[in-house]
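Visitor: Take a look at the following structure, please.
Laboratory data are not the source of any read-out in this text; all were calculated from the coordinates shown. These numbers come from a predicted model, not from an experiment. Every residue, glycine among them, receives a Cβ derived from its backbone with ideal geometry; neighbour counts consider all protein chains shown.
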Amino acid sequence: MSGLPKRLAGLTLGASAFLSLALPACADDFIAILTGGTSGVYYPMGVALSKVFTEKLPGTRPSVQATKASVENLNLVQAGKGELTFTLGDSLAAGWKGDEEAGFRRKLDKLRGVSAIYPNYVQIVASKESGIRTLADLKGKRLSVGAPKSGTELNARAILEAAGLSYKDLSKVEYLPFGESVELMKNRQLDATLQSAGLGVSSIRDLATGTPITVVAIPAAIVDKAGAPFVKQSIPANTYEGQAEPVETAAVVNYLVTRADLSDDLVYRMTKAMFESLPELQAAHSAAKAIDVHKAAEGMPVPLHPGAARYLKENGISVSTP
């Protein structure tokens, strides 16, 4: 460029700068997908979503982050540190209200819904040698309730309260992720674990292969007493090794959530890619079989993002756009 006149050189540099700004590669949309512990359901489904976005959404840079799940995820999204997150419905409702006791210092007003996905089943699993057969038997026992103020731990508080129990009734309470809870049970340092997750969660499958277990029922009357957002469900027989009969339990719907400031086009493309790639998500985890576009807006505790609403409307689903 030394041989060019200064004015021409300046024009050339200016044109190069303009062209570089116009190139799509410089405008990649980062999509940080916030999940949960690696032994839960959120994480493998988040990895599957990341692969789908990589293949079907050119101009995006997806990544997956393992987290403490719902409550942490929602706070991160509010702070602009995540573009798409998995969350339990009760945590989402608490975040929208700004429930400080649930882990939210103020109303998370930037949250916008993408879709309901699948129900989380509240799964209480005890070692057979602990003698725990019912919720009442948990009294005086050692129980892991999930990471502090996680969606699972909020579920634990609600279910125990409905059963007339509190943490004070337990001999020991551990606030641990699923995988660590299972390891302590294997080493006989815990009697039971409460895990709010999709059916067939890998941590409980792992436990059941080497440790005789009892899946503890949450009777319908307890679910009714706990109230919304809990619904009555059943863990089918043989979901876990040694579980010969179906077991009554409670469930809470999971949601995918994004931020209000993400472009309508990006959220539309993410929503479309997800629903057009359900076989890939189901291959990652069987819980994804429950994802249904016709139920995407059901019970959504926050406003739908306009981009997600656009996709649902295109599929004949009546939704209100914020």
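Visitor: Of A147, A208, F178, which is farthest on the positive side of the dipole of segment 90-214, counting Cα position, with +1 on Lys and Arg Cβ, -1 on Asp and Glu Cβ, and the Cα centre as origin?
Guide: Most positive-ward Cα: A147.
Visitor: For segment 93-228, which semi-axes, largest first and in whole Å, follow from the square roots of 5 times the eigenvalues of its Cα gyration tensor?
Guide: The three semi-axes for segment 93-228 are 26, 17, 15 Å.
Visitor: Given points 7 Å out from each Cα along the Cα-Cβ axis, report the A260 to K56 separation in nanometres with one decimal.
Guide: For A260 paired with K56, the spin-label model returns 2.9 nm.
Visitor: Here's a follow-up. Convert 20 °C to kelvin, take the viscosity as 1.002 mPa s, use the Kirkwood radius over C-alpha pairs of the chain as Rh, and evaluate the Stokes-Einstein diffusion coefficient in µm²/s, rounded to a whole number.
Guide: Calculated translational D: 102 µm²/s.
Visitor: Hey, what number do you get for the chain at 222 nm if only DSSP H runs of n ≥ 4 count, each worth -39500 (n - 2.57), divided across all residues, to the nearest 500?
Guide: For the chain, the value works out to -10500 deg cm²/dmol.
Visitor: Further, regarding this structure: Suppose every K and R has +1 on its Cβ and every D and E has -1 on its Cβ; what is the size of the dipole of segment 45-173 about the Cα centre, in Debye to the nearest 20? Walk me through the numbers before you get to the answer.
Guide: Details: 20 positive and 13 negative charges, 42 e Å.
Dipole size: approximately 200 debye.
Visitor: Which of K225, K141, K168 ends up with the largest GNM mean-square fluctuation for the chain, with Cα atoms connected below 10 Å?
Guide: Looking only at K225, K141, K168, the biggest GNM fluctuation is shown by K168.
Visitor: Please report the base-10 log of the normalised intensity I(q)/I(0) for segment 119-189, using a Debye sum with one equal scatterer per alpha carbon and no solvent, at each q in 0.12, 0.18, 0.22, 0.23 (1/Å).
Guide: -0.28, -0.67, -1.04, -1.15
Visitor: If you don't mind, there's one more thing I want to ask. Mind checking the dipole of segment 204-322: about its Cα centre, +1 per Lys or Arg Cβ, -1 per Asp or Glu Cβ, Debye to the nearest 20?
Guide: 200
Visitor: If you don't mind, another one. May I ask you to order 40-53, 277-290, 172-185 by the average number of other C-beta atoms within 10 Å around their residues, highest value first?
Guide: My ranking of the peptides, most packed first, is 40-53, 172-185, 277-290.
Visitor: Take the Cβ-Cβ distance between E161 and R133 as r, set R0 to 22 Å, and report the resulting FRET efficiency rounded to the nearest 0.05.
Guide: It comes out at approximately 0.60.
Visitor: Let me ask something else. Taking just the C-alpha trace of segment 29-157, give me its Rg and Dmax in Å.
Guide: So, for segment 29-157, Rg and Dmax equal 16.7, 55 Å respectively.
Visitor: Can you give the Rg to Rh ratio for segment 36-79, taking only C-alpha atoms and Rh from Kirkwood?
Guide: 1.02
Visitor: Short version: ³J(HN,Hα) in whole Hz for each residue of segment 277-289, in order, from phi by Karplus 6.51 cos²θ - 1.76 cosθ + 1.60 (θ = phi - 60°), x for Gly and Pro, what are they?
Guide: 10, 4, x, 5, 5, 5, 5, 6, 7, 5, 4, 5, 5
Visitor: Residue-wise, which Karplus ³J(HN,Hα) couplings in Hz belong to segment 129-140, taking 6.51 cos²θ - 1.76 cosθ + 1.60, θ = phi - 60°, and x for glycine or proline?
Guide: Running phi through 6.51 cos²θ - 1.76 cosθ + 1.60 with θ = phi - 60° gives 5, 6, x, 6, 10, 10, 4, 4, 5, 5, 4, x Hz.
Visitor: Can you list the aspartates and glutamates whose alpha carbon sits under 16 Å from that of K139, skipping same-chain ones fewer than 8 residues off?
Guide: E129, E161, D169, E174, D191
Visitor: Would you grab the residues whose amide H sits under 5 Å from the one on N120? Only those 5+ places off in sequence or on another chain, please, with H modelled 1.01 Å from N.
Guide: Here V252, V253, N254 satisfy the definition.
Visitor: If you plug each phi of segment 189-199 into the Karplus form 6.51 cos²θ - 1.76 cosθ + 1.60 with θ = phi - 60°, what whole-Hz ³J(HN,Hα) values come out, in order, with x for Gly and Pro?
Guide: After applying 6.51 cos²θ - 1.76 cosθ + 1.60, I find 9, 9, 9, 7, 9, 10, 10, 9, 7, x, 4 Hz.
Visitor: So, one more: Determine the gain in length on full extension of the stretch T38-E100; use 0.36 nm per residue of separation and subtract their C-alpha separation, reporting nm with one decimal.
Guide: Residue separation times 0.36 nm, minus the Cα-Cα distance, leaves 19.6 nm.
Visitor: How big is the charge dipole of the chain about its Cα centre, in debye rounded to the nearest 20, if each Lys and Arg gets +1 on its Cβ and each Asp and Glu gets -1 on its Cβ?
Guide: So the dipole magnitude of the chain works out to roughly 620 debye.
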